[in-house]
Amino acid sequence: MIEIENLRKSYAGLPVVDIPALTMPQGGVTAIIGPNGAGKSTLLSLIGRLETPGGGGVFLDGENVRSFRSTDLAKRLAMLKQDNSLTARLTVADLVAFGRFPHCNGRPTDRDRAKVSEALELVRMTELKDRFLDELSGGQRQRAFIAMVLAQDTEYALFDEPLNSLDISHAVAVMRLLHSVARTMGKTIVVVLHDLNFVARYADHVIAMKAGRVVETAPASHAIREDLLKQLYDTDVAVSTRDGRTFVDVYG
Amino acid sequence: MRLRAHIPMTNGAQSDLRHLRNALICGFVLAVLSVASLLVGATGIGLVSLMSDPNAWDILLISRVPRTAALIIAGTSSAIMGAIVQRLVSNRFVEPSTMGTIDCASFGLLLGLLFAPNAAPMGRMLIAAAGAWIGTAFFMILLRTVPLKSPLMPPLLGIAFGGVIGAMTSFIAYRFDLMQSLSAWSTADFSVVLKERYELLYIAAAVTGLGWLLADRFTLAGLGDNVARGLGLNPLAVLAIGITIVAGVSGAIVVTVGFIPFLGLVVPNLIARWRGDNLRRSLPLVAWLGAALTLLCDIFGRLVFHPYDLPIGVTMGVLGAVIFLGMILRKFGR
């Protein structure tokens, strides 16, 4: 369980995250939505301990994430940031194998190798595993990074805009994958998403943020509604239902 | 290929076989170069002279064996240090000489010579390593505070930084009449290597071995701070360890044989093109190519103006510059 208490963070005196209390939904896919500058990425970084809070804290099963040993935290919580430009020339398999680093400390066992091939299989990259990342398309590279996080095999996995640079079919494949991983392996997956239709289809829970604050936490079916989205984005949004599925029309 | 037609083999066995064959070829090349390095010089040594002439054994044991060992260790360590700093900085164009490391080691050495002229070689090495450590750490802090967009900026910054330190060193050396000692450190020359005058290089070898053990951590640190932290690694701690290793090795090399130009730049880049940057995979080849190129350049230097020696700083300088220009033209010509 991830709980947040009095969490505050400011840049240059401007508050970017200010959350008095929040309990992240356990299990399934939780989407964090909100306009640019709402503090979504910063919240994710604070949970993943990539940033130091200005006040308050993030608690993982009751223990402050800041008090974890680095490897212990890395065994329980994985995080993929947005910008994954690499200057290193690594093969896909090498990158994914690094996901096992917190578990095996550089000396992979058969179990680690099995986890790596399983992760490669999940993102359908087995055939490309010996290719160098700089020889792949942006979408393939993104899938390789997702495989690294899956190989890390943590209870919690945080993704900051994982659909960036993916075409429609790969974006759908990634969201399906995260959805099914959350379901079948009982993981808690938190994703920052901008495309509300993906949220409507694949998220179980929604955390809506604006100006550093959490506006609402609700099941996705409840959160994708016109008044909330209008309030969040200050723009006209039409939510419709067809064949039992929810669609968001944001094009004015 | 023919073998595969007759004996059914698993993929793993095939690649094992290929690895074995490659390792044998690499080992053979290195063995030939080492033997050549033992035999070639102002006084040629051969089987006949070893059997009949006792002086030949003296030359072999006092000069040639130490020289060959020094070449292999210095070549291997310099190439590996290049590979490690390239991961630590995430930049292909840095190596100890384009980060100010070598200039700061020389500066330390000069200060040591001025203030503790009677220090033992070990003491001198430690002073040089301390200078290298401070210079490298300063450069790393500079890179982390000033974000640089172009991949060519870090080495240019490093060269400028090294130039400033180098100018200070020259000035002081000039005032105290130490210019000759200074040029001895800054041009690599293995003709000075004799028994009991190169053993500090074994420290460089040991420290390089330590770096090898930590290869995974350096590769991981090269994936960026966020990824490294996410996988439970403290990037700053890895950086500090890396700086210490590079400074120690650079200090030992500068004190004994002098810095070999271009090696740390060219070798890791050639290997990366083929084998990638995962140090665990690439370091054996980096080490091998570093040793082989160093031996080759030194043997060539002993032969061109026979019986005189051309320092390796010159031969490697020319060869390295040509390879490096070729790489840059290919990279930016695409």
Only four residue types carry charge here, +1 at the Cβ of Lys and Arg and -1 at the Cβ of Asp and Glu. Report the dipole size of chain B about the Cα centre in Debye, rounded to the nearest 20. 1260 debye
Considering only A:Leu44, A:Phe98, A:Thr241, whose Cα is most displaced toward the positive end of the charge dipole of chain A, charges sitting on Cβ of Lys, Arg (+1) and Asp, Glu (-1)? A:Phe98
Within 10 Å of each Cβ in B:106-116, how many Cβ atoms from other chains are there, averaged over the peptide? 0
By per-residue mean of other Cβ atoms within 10 Å, what is the highest-first order of B:316-329, B:43-56, B:292-305, B:77-90? B:77-90, B:292-305, B:316-329, B:43-56
Please determine, in degrees from 0 to 90 and to the nearest 10, the orientation of helix A:138-152 with respect to the longest principal axis defined by the Cα atoms of chain A, where the helix direction is its Cα long axis. 80 degrees
Return B:Arg217, A:Arg141 ranked ascending by Cβ neighbour count within 10 Å, so the fewest neighbours appear first. A:Arg141, B:Arg217
Let me check I have the definition right: for region B:172-239, take the eigenvalues of the Cα gyration tensor, multiply each by 5, take square roots. What are those semi-axes in whole Å, largest first? 38, 18, 9
Neighbouring Cβ atoms within 10 Å as the yardstick, rank A:Arg89, A:Arg242, A:Arg213 fewest first. A:Arg242, A:Arg213, A:Arg89
Among the DSSP beta bridges whose two residues both lie in chain A, what percent are antiparallel, rounded to the nearest 5? 60 percent
Kindly rank B:266-274, B:31-39 from highest to lowest mean number of other beta carbons found within 10 Å of each residue. B:266-274, B:31-39
Give the residue from B:Leu157, B:Ala120, B:Val314 lying farthest towards the positive end of the charge dipole for region B:79-333; charges sit on Cβ (+1 for Lys and Arg, -1 for Asp and Glu) and the dipole is referred to the Cα centre. B:Leu157
For peptide A:127-136, what's the mean number of Cβ atoms from other chains within 10 Å of each residue's Cβ? 1
Dipole magnitude of region A:201-252 about its Cα centre, charges +1 at Lys/Arg Cβ and -1 at Asp/Glu Cβ only, in debye to the nearest 20? 120 debye
Residues B:Cys104, A:Cys104 arranged by fewest to most Cβ contacts within 10 Å: A:Cys104, B:Cys104
Taking 7 Å along the Cα-to-C-beta vector as the label spot, tell me the A:Asn64-A:Thr87 distance in nanometres, rounded to one decimal. 3.5 nm
When the gyration tensor of the protein assembly as shown is built from Cα positions, what are the square roots of 5 times its three eigenvalues, in whole Å, from largest to smallest? 55, 28, 19
How much net charge surrounds A:Glu161 when only the other residues with a Cβ under 13 Å from the Cβ of A:Glu161 are counted, with Lys and Arg +1 and Asp and Glu -1? -1
Restricted to the protein assembly as shown, the DSSP antiparallel beta bridge percent, nearest 5, is 60 percent
Yeah, chain A with a ≥ b ≥ c from its alpha-carbon gyration tensor (a/c under 1.5 is rounded, else prolate when a/b outruns b/c, oblate otherwise) is oblate
For the Cα atoms of chain A, what angle does the longest principal axis make with the long axis of helix A:110-122, in degrees from 0 to 90, nearest 10? 50 degrees
Under the 0.36 nm per residue contour assumption, what length would be gained going from the current alpha-carbon distance of B:Asn234 and B:Val32 to full extension? 68.4 nm
Less than 14 Å Cβ to Cβ from A:Ser117, Lys/Arg counted +1 and Asp/Glu -1: what total charge do the surrounding residues give? -2
Peptide B:214-220, shielding by other chains (average Cβ, 10 Å cutoff): 3
Magnitude of the Cβ-charge dipole (Lys and Arg +1, Asp and Glu -1) of the protein assembly as shown about the Cα centre, nearest 20 debye, reported as 800 debye
Distance between modelled label sites at B:Arg21 and A:Glu118, nm, 7 Å Cα→Cβ extension: 3.6 nm
Percent breakdown of C-alpha pair distances by 5 Å bin, ordered from the shortest bin, for region A:116-175: 4, 19, 30, 27, 17, 3, 0
Compute the distribution of all C-alpha to C-alpha distances in region A:126-252, in bins of 10 Å from 0, and list the percent of pairs in each, rounded to whole numbers. 11, 38, 33, 14, 3
Suppose only helical runs count, i.e. DSSP H with n ≥ 4. What mean residue ellipticity at 222 nm does that imply for the protein assembly as shown under -39500 (n - 2.57) per run, divided by all residues and rounded to the nearest 500 deg cm²/dmol? -18500 deg cm²/dmol
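Since every read-out is calculated from the coordinates, none of them should be taken as a lab result. The structure displayed is predicted, hence computed values, not measured ones. Here the Cβ is made from the backbone with ideal geometry for all residues, glycine too, and neighbour counts use every protein chain on show.
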